[in-house]
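Below is one structure, written out as C-alpha cells; the observations come after it.
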Amino acid sequence: MAQMTMIQAITDALRVELKNDENVLVYGEDVGQNGGVFRATEGLQDEFGEDRVFDTPLAESGIAGISIGLATQGFRPVPEIQFFGFVYEAMDAINGQMARLRYRSGNTVSMPVTIRSPFGGGVHTPELHADSLEGLITQQPGMKVVIPSGPYDAKGLLIQSIRDNDPVVFLEHMKLYRSFREEVPEDDYTIDLGKANVVREGNDVTLVAYGAMVHSALKAAEDLEKDGIDAEVIDLRTVMPVDFDTIIESVEKTNRMVMVQEAQRQAGIASYVVSNVQERAILHLEAPILTVAAPDTVYAFTQAEEVWLPNYNDIIEKVNKVINF
Amino acid sequence: MKRSLENIEEQFETFQILNEEGKIVNEDAMPELSDEDLKEIMYRMVYTRILDQRSIALNRQGRLGFYAPTAGQEASQLGTQFALEKEDFILPGYRDVPQLIWHGLPLYQAFLFSRGHYHGNQMPEGVNAFSPQIIIGAQYTQAAGVALGMKKRDKKAVAITYTGDGGTSQGDFYEGINFAGAYQAPAIFVVQNNQFAISVPVEQQTAAKTLAQKAVAAGIEGIQVDGMDILAVYAATKDARERAVNGEGPTLIETLTYRYGPHTMAGDDPTRYRTEDMDSEWEKKDPIVRFRKFLEEKGLWTEEEENEVIEKAKEEIKAAIKKTDEQPKQKVSDLISNMYEELPAHLQEQMEEYKAKESK
Ligand SMILES: Cc1ncc(C[n+]2csc(CCOP(=O)(O)OP(=O)(O)O)c2C)c(N)n1
Ligand SMILES: [Mg+2]
C-alpha cells in the first residue's frame, strides 16, 4: 500500500488499465508529453507510447466524437475533457450520440467510453472551469456519472468505469486532487458503480453528499456530534445511477435527511434524489428533506466564490432545522 | 489530376514589411503612418510589455488572479487593434486584454477581470467589445453575428475577433468564418499562431501547412503575416478592414508569433514542451527590438523616451492597482441581481437569504 493523493491514484488507475487491456487509449488536450494540465497522465506517454497515450487537436466535440468511432474498432477510450465546463462543446457527441448508441442500435453496439474531467469550486479558476455540470449528463438516459470523494475511491471507481461497457463520465473535483492522501493499494481493485458508501454511521439524521461535499458533510457531522446530534453520512460515489437502497435504509433508521450538493439548487442531482426518497420513505420521515446547494446564479466570479459555495455551516444550519422541525 | 495541396505554401507566403534587423523589406506595402503614429505604436508596445511584466509580478504576489502572458505577441495584438476605429467591435480571447485596453477599457477594470470581479466585464459606454472569452472558439461565431448585424444596420464598422493556433481546430472556428463568408459580413478573424496550444505544437494541431489557408474552404480571403512585424500586421488589418466596410467580405489573418512566457500563471511549465533554442530563436524576432531599430534609424526614438514610457506605465499601473483595491467587494447578492432583467421569485427569495447573511 502507498500513500497517494487523488491525482496520483487516478494516474495509477490509468496505468493499471493501460497495462491490463491493450485496447485502452488515453487522449485529450495536453495529456501527452505535458502529462495533462493537472499531471493526471504524467509519464503515461513515455511508458505506453504515443499510440496509446496522445494529444488531440483542440476540440472537445472531436474528442468525444472520435471516442464513438474508436469504440467501434474495439478500443476502450478514456478521453479527457480538460475542464468540465468545456463539455458544452461536446454535448451532442456525448448526450446526443454516445449515450444513445446502445439504444438506437437495438442493443447491438456498446460504448465503453470513460470521459474523465476535472471540475469543482474553490480553486480560483476562470469562468467555465469549476461548474458542477453533472446534472447535464445525469439527465441523459444512457450515461453513467461517477464522482469520487478521495484517492482510494478514485482508483477503484476509475478502473471499474473503464471496464464498464456503457459510457461513463468520471468527474474529478479539483479541490480534492492534492488536498489529502490515503492508503491506496498498488495492484488493481474495483469499486462497483451505482453503490453508495456509508462513510459515517449515525442515528439522528442522514446527510447525502458526493464529491468534495462529502468532506463538508463529515466536518459538519463532527461539529454536530458536540451538540449531541449523531449524523450518518452517505457518499453517493455514483450519481447516475443513484443507490437509493442505501439511502432508504439509512433514512428508515434516522427519519431525517439533508441532501448536499455543490451545484446550484436548480442543477445537480438533489431534486432527483429528494423526490425519489420522499416517494419511497415518506412515512419514515419526521421532517421535510432539506437541500444544501449553491444559489441559482451562474457559477460565482472568483472573488465571491468562497461565500457562494455551500459549506459545512450551511449543512449544520439545515440539520438543525430538520432536527427541530 | 491536379493536387490541391501542391504549392499551397506559396499561396500563403508570409507577408512582411519590417525584418528582424529593423529594415523595410517591402517598401510598396508600407502603410501610411505619420511619424506621430509610428511613435504611438512604439509607445503602446513598450507600455504593453511593461504591463505584462508587472501583471506577472502582481500575480505572483497574489494581487492579480487569472493572467495569460502577452510578451512576444505585442505586434500581433496591437498592430491589429491600431487599424481599428472606435466603432469597431472586438471579441477577444483570454490573452487579448491589451487590445481591450487600447480600445478603451480602463486598466483597473482589466485588473478586476483578472481578479474575478464582474465589474471587470462591464464595458464602459462607447467601448465596443465583449470581455475576454474563456471558451476557445466561441467568439468566432459571435463575431460573425456582430458583423452580420453591422451589415444589416449599414454601419461602416467591423467585428474583429481573436483566437490562437489551437482555436482553429474548434468547430466554432469553421462555423464562424463560413457564416461570415456566406453573408459577406464585415468581420476580421485573427489567428495568433504562437506555435503552441498550451503544450501542443501547431504541427500536431493540424495537417494544414498554414492556418491562413483555412480561409479557402470558407471562400474568404486569408493571409499569413509575420506577427512580430507590427507594420505588416497593421497593413494587413487595415486592408482587411477597408475591404470589409466596402462590402467585400471577411478576412482571416494568421500572425506568426510566440509567447515568451508560460501559457497562464496557473502552473504551466514551458520547459516541458519547448526548448531554450526555440525560445531564443523567436526572441531574435522580437517586435519591439526591430521596431526600435527602425525608429532610431529614422531619428524618431531615443533611450530617454523609452525610459519615460516605462516610468509612465509603471506609475499608471500602480495607480490602477490602487483603484482596483478600492473597489467594493463583490457579494453573492450582486451576482444574483445580475442574473435576469427581472428577478424571478425563487431568486428573490435567495437574494433575501444572502442579503441577511451579508449584513451580519
Ligand atoms: C473549449 C475550450 N477547450 C479547452 C480550453 C483550455 N485551454 C485554454 S487555452 C488552451 C490552448 C489554446 O491555445 P491557442 O488557441 O493556440 O491559444 P494561445 O493560448 O496559444 O494563445 C486550452 C486548451 C478552453 N479554455 N476552452
Ligand atoms: Mg497558441
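Determine the relative contact order of chain B: mean sequence separation of Cα pairs under 8 Å and six or more apart, normalised by residue count, in whole percent.
Result for chain B is 23 percent.
Short version: which residues of the stretch B:192-231 lose at least 30 Å² of accessible area, all chains versus chain alone, 1.4 Å probe?
B:198, B:199, B:200, B:204, B:205
Residues of A:306-312, mean number of Cβ from any other protein chain within 10 Å of their own Cβ, rounded to a whole number?
2
What is the gain in length, in nm to one decimal, between residue A:286 and residue A:46 on full extension, counting 0.36 nm per residue of separation less the C-alpha to C-alpha distance?
Extra length available between residue A:286 and residue A:46 comes to 80.7 nm.
Mean 1/r over all different Cα pairs, inverted: what Kirkwood radius does the stretch B:90-249 give, in Å?
It is 16.1 Å.
Would you list B:211, A:70 from the most to the least accessible area, probe 1.4 Å?
A:70, B:211
Please list the equivalent ellipsoid semi-axes of the stretch B:4-329, computed as the square roots of five times the alpha-carbon gyration tensor eigenvalues, in descending order and whole angstrom.
28, 24, 21
Taking only the Cα atoms of the protein assembly as shown, how large is their convex hull per residue, in Å³?
Given the Cα convex hull of the protein assembly as shown, per-residue volume reads 183 Å³.
Any chance you could tell me what percent of the C-alpha pair distances in the stretch B:223-348 go past 25 Å?
61
Please tell me which of these pairs span more than 28 angstrom C-alpha to C-alpha: B:156/B:329; A:19/A:195; B:156/B:293; A:195/A:226?
Checking Cα-Cα distances, B:156/B:329; B:156/B:293; A:195/A:226 exceed 28 Å.
What is the dipole size for the protein assembly as shown, taken about its Cα centre, with +1 at each Lys and Arg Cβ and -1 at each Asp and Glu Cβ, in debye to the nearest 20?
The dipole magnitude comes to about 1080 debye.
Can you give the net charge of the other residues whose Cβ lies under 12 Å from the Cβ of residue A:323, counting K and R as +1 and D and E as -1?
-2
Using modelled backbone amide H atoms (1.01 Å from N, in-plane), which distant-in-sequence or interchain residues come within less than 5 Å of residue A:173's amide H?
Distant-sequence amide H within range of residue A:173: A:119.
Would you mind giving the mean number of other chain beta-carbons within 10 Å of the Cβ of each residue in B:344-354, as a whole number?
2
In the stretch A:273-299, what residues drop by 40 Å² or more in accessible surface going from the chain by itself to the full protein assembly, probe 1.4 Å?
Buried-area filter returns A:295, A:296, A:297.
Restricting to the stretch A:171-294, what percent of DSSP beta bridges are antiparallel, rounded to 5?
Around 20 percent antiparallel, to the nearest 5.
Enumerate the calculated ³J(HN,Hα) couplings along the stretch A:202-216 in order (Karplus 6.51 cos²θ - 1.76 cosθ + 1.60, θ = phi - 60°), each rounded to whole Hz, writing x wherever the residue is Gly or Pro.
Once θ is set to phi - 60°, the couplings for the stretch A:202-216 become x, 10, 9, 7, 9, 9, 10, 8, 7, x, 5, 5, 4, 6, 5 Hz.
Give the value in nm², to one decimal: projected area of the alpha carbon convex hull of the stretch A:52-101, averaged over all directions.
3.5
Output the residues of the stretch A:26-44 meeting this criterion: accessible area (heavy atoms, 1.4 Å probe) in the chain alone minus accessible area with all protein chains in place is 40 Å² or greater.
A:30, A:34, A:39
Using the Kirkwood radius over C-alpha pairs as Rh, can you work out the diffusion coefficient of the stretch A:92-153 via Stokes-Einstein at 25 °C, viscosity 0.890 mPa s, in µm² per second?
Answer from the Stokes-Einstein relation: 181 µm²/s.
What accessible area per residue, rounded to a whole number of Å², is obtained for the protein assembly as shown using a probe radius of 1.4 Å?
Heavy-atom SASA per residue in the protein assembly as shown reads 42 Å².
Which lysines have a Cα less than 28 Å from the Cα of residue B:209, not counting those fewer than 8 places away in the same chain?
B:2, B:23, B:238, B:284, B:285
In the full protein assembly as shown, how much of residue A:219 is accessible to a 1.4 Å probe, in Å² to the nearest 10?
100
Rounded to a whole number of µm²/s, how large is the Stokes-Einstein D of chain A at 10 °C and 1.306 mPa s, given Rh as the Kirkwood radius over C-alpha pairs?
Rounded, D is 80 µm²/s.
How much of the DSSP bridge set in the stretch A:2-184 is antiparallel, in percent, rounded to the nearest 5?
Antiparallel bridges make up about 15 percent of those DSSP assigns within the stretch A:2-184.
Between chains B and A, what is the buried accessible area summed over both chains (1.4 Å probe, protein heavy atoms, nearest 100 Å²)?
3000
Per the helix-only calculation at 222 nm, which mean residue ellipticity applies to the protein assembly as shown, given -39500 (n - 2.57) for every DSSP H run of n ≥ 4 and division by its residues, nearest 500 deg cm²/dmol?
Dividing the helical sum by the residues of the protein assembly as shown leaves -12000 deg cm²/dmol.
Check the straight Cα-Cα distances from residue A:219 and name the lysines below 18 Å, setting aside those fewer than 8 residues away within the same chain.
Answer for residue A:219, where 18 Å is the Cα cut-off: A:175, A:318, A:321, listed by chain and number.
5 Å is the cut-off here: which amide hydrogens, built 1.01 Å from N in the peptide plane, fall below it relative to residue A:238, excluding neighbours closer than 5 in sequence?
Amide H to amide H, under 5 Å and 5 or more residues apart or across chains, residue A:238 pairs with A:147, A:194, A:195.
Taking the full set of protein chains and a 1.4 angstrom probe, give the accessible area of residue A:4 in square angstrom, rounded to the nearest 10.
For residue A:4, the solvent-accessible surface is approximately 20 Å².
Determine the order of B:259, A:178, B:115 by accessible area, beginning with the largest, at a probe radius of 1.4 Å.
Putting B:259, A:178, B:115 in descending order of accessible area: A:178, B:115, B:259.
Please list the radius of gyration and Dmax for the stretch A:2-184, considering alpha-carbon atoms only, with Å as the unit.
15.0, 45
Write down the radius of gyration of the stretch B:303-360 and its Dmax, each obtained from C-alpha positions, in Å.
When restricted to Cα atoms, the stretch B:303-360 yields Rg and Dmax of 20.4, 62 Å.
If amide H atoms are built 1.01 Å from N in the plane of the peptide, which residues on other chains or at least 5 residues away come under 5 Å of the amide H of residue A:179?
A:6
Counting only protein heavy atoms and a 1.4 Å probe, tell me what percentage of chain B's accessible area is made up of carbon and sulfur.
Ligands and nucleic acids excluded, carbon and sulfur give 47 percent.
What span do the alpha-carbon atoms of the stretch B:157-213 cover on each of the three principal axes, reported in whole Å from largest to smallest?
The principal-axis extents, from largest down, are 35, 19, 17 Å.
Round to the nearest 10 and report in Å² the accessible area of residue A:323, as given by a 1.4 Å probe over the protein chains' heavy atoms.
40
Where Lys and Arg each count +1 and Asp and Glu each count -1, what net charge lies around residue A:238 among other residues with Cβ under 11 Å from its Cβ?
Counting the neighbours of residue A:238, the net charge comes to -3.
Which of the trypsin sites (Lys or Arg not before Pro) found in the stretch B:9-95 are in a DSSP loop and have at most 14 neighbouring Cβ atoms, other than their own, within 10 Å?
Here the sparse-neighbourhood loop sites are B:23, B:86.
In a solvent-free Debye calculation with one equal scatterer on each Cα, what is log10 I(q)/I(0) for the stretch B:1-103 at q = 0.13, 0.16, 0.23 Å⁻¹, listed in the order of the q values?
Values returned for q = 0.13, 0.16, 0.23 Å⁻¹ are -0.66, -0.88, -1.29.
Given 0.36 nm per residue, what is the gain on full extension from residue B:322 to residue B:337 after removing their alpha carbon distance, in nm?
2.7 nm
Could you tell me the convex hull volume per residue, in Å³, taken over the Cα atoms of the stretch A:66-173?
90
Can you sort A:206, B:275 by 1.4 Å-probe accessible area, starting with the largest?
In descending accessible area the options line up as B:275, A:206.
Could you tell me what fraction of 2.2 N^0.38 Å the Cα radius of gyration of the stretch A:197-324 comes to, as a two-decimal ratio?
That works out to 0.98 for the stretch A:197-324.
When the Karplus curve 6.51 cos²θ - 1.76 cosθ + 1.60 is applied with θ = phi - 60°, which whole-Hz ³J(HN,Hα) does each residue of the stretch A:309-318 get, with x for Gly and Pro?
5, x, 9, 5, 5, 4, 5, 4, 4, 5
Considering only DSSP beta bridges with both partners in chain B, what is the antiparallel share in %, to the nearest 5?
Antiparallel: roughly 10 percent of the beta bridges in chain B.
Where the only charges are on Cβ atoms (+1 Lys, Arg; -1 Asp, Glu), what is the dipole of the stretch B:4-329 about its Cα centre, to the nearest 20 debye?
Dipole magnitude for the stretch B:4-329 comes out near 1500 debye.
Could you pull out which residues in the stretch A:88-119 have an amide N less than 11 Å from a spot 7 Å beyond the Cα of residue B:217, following the Cα-Cβ vector?
It comes to no residues whatsoever.
How large is the charge dipole for the stretch B:62-110, taken about the Cα centre, if only the Cβ atoms of Lys, Arg (+1) and Asp, Glu (-1) carry charge, to the nearest 20 debye?
260
The values are calculated or read from the model by the stated rules, or taken from the named source; none is laboratory data. None of the values given here were measured: they were computed from a predicted structure. For neighbour counting, all protein chains shown are included, and Cβ atoms are generated from backbone atoms with ideal geometry for every residue, glycine included. Surface areas here come from the heavy atoms of the whole protein model, side chains and all, with no ligands, DNA or RNA. Shrake-Rupley method; radii C 1.70, N 1.55, O 1.52, S 1.80 Å.
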